[in-house]
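Each remark here refers to the structure printed beneath this line.
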Amino acid sequence: MGSNPRQKSSGSFRLHGYTASSNLRRGESFFYEFSHLNTDCFQIFLDLVSEKFADSIIILQVDQAGCHRAKRLRLPHNIILIFQPAHSPELNPIERVWLHLKQGLRFSLPKNMDELRLLVKNRLSEMTKSVIASLVGRDSILDALSVASLL
């Protein structure tokens, strides 16, 4: 779970997206773009992820953003949120996906938001399940989830 990427060229662009993996070893993922981040957007994301992986238990690691902790959130029955410590994005596996995405875009200079969206969409489509699994499936994370009987 994460929000990113951002790209700057002649103007400033912000593109928010989220991802969830139902199985870190297989690299199954879900990406969805939002123009901003708030509780309503996060609720929509949770519902979409829950529907896409209806037969799985989804463990989402999220940061301490207010929208992730809002009392009015309705967690779907198959989603468990794990809150990472404040100011520690390096603990969240999705940050490695965003880094990989940004590295592939670093020499691109989109002229507008539509061009940036297309670049991001193409880069995400190039990320196969095996690529995503290699980025997010760190042994330490898999071991911790296994010990907790969550994997």
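Whenever a residue of the stretch 28-40 is without any contact (Cβ under 8 Å) to a residue 40 or more places away in the chain, its partners that are assigned to a loop (DSSP other than H, G, I, E, B), lying with C-beta atoms within less than 6 angstrom and at least six residues away or across chains, give the pairs LEU37/SER3; THR39/ALA70. Going by the conditions given, is HIS77 in a helix (DSSP H, G or I) and either loosely packed, with under 15 Cβ neighbours inside 10 Å or at pLDDT 90 or above (or both)? For HIS77, the condition - in a helix (DSSP H, G or I) and either loosely packed, with under 15 Cβ neighbours inside 10 Å or at pLDDT 90 or above (or both) - is not met. There is at least one residue in the stretch 22-41 that is at pLDDT below 90 and open to solvent by less than 20 Å² (accessible area, probe 1.4 Å). LEU15 satisfies every condition listed in (1) open to solvent by less than 40 Å² (accessible area, probe 1.4 Å); (2) modelled with pLDDT of 85 or more; (3) of a type in the set (A, V, I, L, M) except (2).
The set of residues from the stretch 109-123 being open to solvent by 30 Å² or more (accessible area, probe 1.4 Å) and in contact (Cβ under 8 Å) with a residue 12 or more places away in the chain comprises LEU109, LYS111, ASN112, MET113, ARG117, LEU119, ARG123.
Please verify whether LEU91 is within 19 Å of GLY137 (Cβ to Cβ) and buried (at least 17 other Cβ atoms within 10 Å of the Cβ), treating the condition exactly as stated. First the steps, then the outcome.
On the way: within 19 Å of GLY137 (Cβ to Cβ): yes; buried (at least 17 other Cβ atoms within 10 Å of the Cβ): no.
Spelling it out, it is not the case that LEU91 is within 19 Å of GLY137 (Cβ to Cβ) and buried (at least 17 other Cβ atoms within 10 Å of the Cβ).
The values are calculated or read from the model by the stated rules, or taken from the named source; none is laboratory data. Since this is a predicted model, take the numbers as computed values, not measurements. We place every Cβ from the backbone using ideal geometry, glycine too, and count neighbours over all the protein chains shown. Heavy atoms of the whole protein, side chains included, go into the accessibility calculation; ligands, DNA and RNA do not. Shrake-Rupley method; radii C 1.70, N 1.55, O 1.52, S 1.80 Å.
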